[in-house]
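S.K.: Mind looking over this structure? Questions follow.
Each value in this text was obtained by applying a stated rule to the coordinates, not by laboratory testing. Please read these numbers as outputs of a predicted model, since none were measured by experiment. Here the Cβ positions follow ideal geometry from the backbone for every residue, glycine too, while neighbour counts run over all protein chains shown.
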Amino acid sequence: MNDFFARGPALGLRLVLAVACSIGLMFVDRYTDSATQLRSYLTSAVSPLFYAASLPESVITTASEQLMSQQQLLQENAALKARLLQLDAQLQLLNFLQLENNKLRALLGSAPVVEGQRLIAEVLAVYSHPFSHQVVLNKGSNDGVAVHYPLIDDKGVVGQIISVTPTSSRAILISDNTHAISLRAERTGIRTIAAGIGQWDQLRLIHLPLSTDIREGDRLLTSGLDGRFPEGYPVAEVVSVSRDDSQPFISVQARPYAKLDRIKHVLILSPGSQVEAVRQAEEQP
Amino acid sequence: MRPAQGLGYIYLSLLAALLLTIIPLPYQMTLFRPDWALLVIIYWTLALPRRVSIGTAFVVGFLTDILVGTVLGVNALAFSVVSFIVAANYLKIRNFSMLQQALLVAMFLALYQLLLFWLSHFLTGVNFRPGYLWPVLTGMLAWPWLFWLLRRYRRQLKIQ
């Protein structure tokens, strides 16, 4: 029975140690700012695992692309060309409007809106826990990504970067229940905040007084006031409004435009001059 | 105490379990994913409690935290607690029939999910949805197969 004496510290003691360490970690991660940096280091240490885990899917995708018939490819090519032509036509008008807008802004004496850089990133097919709506992207600080950069897809705002490693980055989605985003209703111009509630297809608008003019079907755009997201990108559509006089606020639910549960490619925006302007305005007394 | 043998293989199986934890599944199936890493930890704690117990469970739980993006330490705590219960009762659990073992494993998984939920609720205010408990059922169904597989693995490679 040598075994009995060679076991090291008793089980109970080890459990107490492990629990104490865990609680310390939770505290550091949740209530201090140094955790973001710590998380970045830890994530870069395990990022080979992310690439290994997404390998099977990328192999399958490549294989299915290889096996596509030429007919299909030609069809897809034609469809894409048609779409590109349409978008180009719209872009011509947009360029003209942009110029005009800048001139008008100059007349009014306000700063012109300058677009920041854009970067296409692919979502590494990586699972994250249902509690935390996060995705891992295949672009990192080597590509110029930094923390707090906003993410959009072709429909609307997706989320923002929360930690960066040299070759990958982790983004939090607007539906995560620790995330909130400042919005403006397109129809009425009312400002509001949309908080995630941990469901892919729903956001909650918080702190709207009962008298607010908001209806189902209202489009909600980013307001740019949070200093993170540039102004004017579509985020969500109001799907239900319920007014209860006994409550101080109305309860409003909105559905994000972006298909958050099945995003594959996203556009990382680097904050343009406008976001910088908001920050500077905040810093000035 | 017999000298440790094949510890590397144990870590290899844990690494595979971690990969299975984050490997992509079709969107509809993600809620049903069994907690592979915890199941493998339970197996090794049951089979070789001298080699794998709370310390290993803590490290694997911590890695899970980093990989799936929960608050650091949440999984580490839940893994350690489950591993403690198994390590304290391994002689009893080994004598159970496969069905009883599977039911017991389901209880451990439920405890793990609830710990995870309680801590996350306290730290970040997540709301409970019954769908979060699917891994308990799938984990219970996966246990007999995993047990059989890992026992073959352990005997073939003479891990002790």
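S.K.: How far apart, in nm, are two points set 7 Å out from the Cα along the Cα-to-Cβ line at A:LEU210 and at A:GLN70?
M.R.: It works out to 7.1 nm between the two label points.
S.K.: Still on this structure: Neighbour counts of other C-beta atoms within 10 Å: give me A:GLU100, A:GLU231 arranged from fewest to most.
M.R.: A:GLU100, A:GLU231
S.K.: Using DSSP to define loop residues, name the chymotrypsin sites (Phe, Trp or Tyr not before Pro) in the stretch B:36-71 whose beta-carbon has at most 13 other beta-carbon atoms within 10 Å.
M.R.: Sparse-neighbourhood loop chymotrypsin sites (Phe, Trp or Tyr not before Pro): none present.
S.K.: Hey, another quick one. As I understand it, the value is the acute angle between the Cα axis of helix A:70-108 and the longest principal axis of the Cα atoms of chain A; what does it come to in degrees, rounded to 10?
M.R.: That helix lies at roughly 70 degrees to the long axis.
S.K.: Moving to a separate point now. Once you place label points 7 Å from the Cα toward the Cβ at A:ASP261 and A:ASP245, how far apart are they in nm?
M.R.: Here the answer is 3.8 nm between the modelled labels.
S.K.: Right, another one. Please give the length that would be gained between A:LYS81 and A:ALA180 if that part of the chain were fully extended, namely 0.36 nm times their separation in residues minus their C-alpha to C-alpha distance (nm, one decimal).
M.R.: Gain on extension, A:LYS81 to A:ALA180, equals 31.9 nm.
S.K.: If you don't mind, there's one more thing I want to ask. Can you order the peptides A:164-172, B:70-78, B:99-107 by their average number of other Cβ atoms within 10 Å per residue, highest first?
M.R.: Final packing ranking: B:70-78, A:164-172, B:99-107.
S.K.: Where Lys and Arg each count +1 and Asp and Glu each count -1, what net charge lies around A:SER58 among other residues with Cβ under 12 Å from its Cβ?
M.R.: Once all neighbours under 12 Å are counted, the net charge is -2.
S.K.: Could you state the principal axis extents of the C-alpha atoms in chain B, from the largest down, to the nearest angstrom?
M.R.: Principal-axis extents of chain B (Cα, largest first): 47, 31, 30 Å.
S.K.: Any idea what angle helix B:134-156 forms with the longest principal axis of chain B, computed on alpha-carbon atoms, 0 to 90 degrees, nearest 10?
M.R.: For helix B:134-156, the angle is close to 20 degrees.
S.K.: Mind checking the full-extension length gain between B:MET107 and B:ARG129? Use 0.36 nm per residue of separation minus the Cα-Cα distance, one decimal, nm.
M.R.: This chain segment gains 6.1 nm when fully extended.
S.K.: Now for a different question. Per residue, how big is the convex hull of the stretch A:186-256 when only Cα atoms are used? Give it in Å³.
M.R.: 89
S.K.: Provide the descending list of Cα extents for the protein assembly as shown along its principal axes, expressed in whole angstroms.
M.R.: 90, 63, 39 Å, listed from the longest principal axis down.
S.K.: Contact order normalised by length for the stretch A:117-285, with contacts defined as Cα pairs under 8 Å and 6 or more residues apart; what percent is it?
M.R.: 24
S.K.: Right, another one. For the stretch A:117-285, what is the convex hull volume of its Cα atoms per residue in Å³?
M.R.: 120
S.K.: Here's something else I'd like to know. Can you give the relative contact order of chain B as a percent, counting alpha carbon pairs under 8 Å and 6+ residues apart?
M.R.: 30
S.K.: Still on this structure: Please arrange A:HIS207, A:HIS133 by counting, for each residue, the other beta carbons lying within 10 Å of its beta carbon, fewest first.
M.R.: So the ranking, lowest neighbour count to highest, is A:HIS207, A:HIS133.
S.K.: For chain A, what does the relative contact order come out to in percent, with C-alpha contacts under 8 Å and a separation of six or more?
M.R.: Relative contact order here is 16 percent.
S.K.: Once Rh for the stretch B:1-89 is found with the Kirkwood sum over Cα pairs, what is the Stokes-Einstein diffusion coefficient at 4 °C and 1.567 mPa s, in µm²/s?
M.R.: Using the Kirkwood radius from Cα pairs, D works out to 96 µm²/s.
S.K.: I've got another one for you. Using only the alpha-carbon atoms, how far is helix A:11-31 inclined from the longest principal axis of chain A? Give it as 0 to 90 degrees, nearest 10.
M.R.: So the helix axis and the longest Cα principal axis differ by about 20 degrees.
S.K.: Another question about this same structure. Within a 10 angstrom radius of the beta carbon, how do A:THR212, A:THR61, B:THR56 rank from fewest other beta carbons to most?
M.R.: Going from least to most buried by this count: A:THR61, A:THR212, B:THR56.
S.K.: Roughly how far apart, in whole Å, are the Cα centres of the stretch B:41-60 and the stretch B:1-32?
M.R.: One Cα centre to the other: 13 Å.
S.K.: Using a simple spin-label model with points 7 Å from Cα along the Cα→Cβ vector, what separation in nm is obtained for A:ARG118 and A:THR32?
M.R.: Spacing of the two 7 Å Cα→Cβ label points: 4.1 nm.
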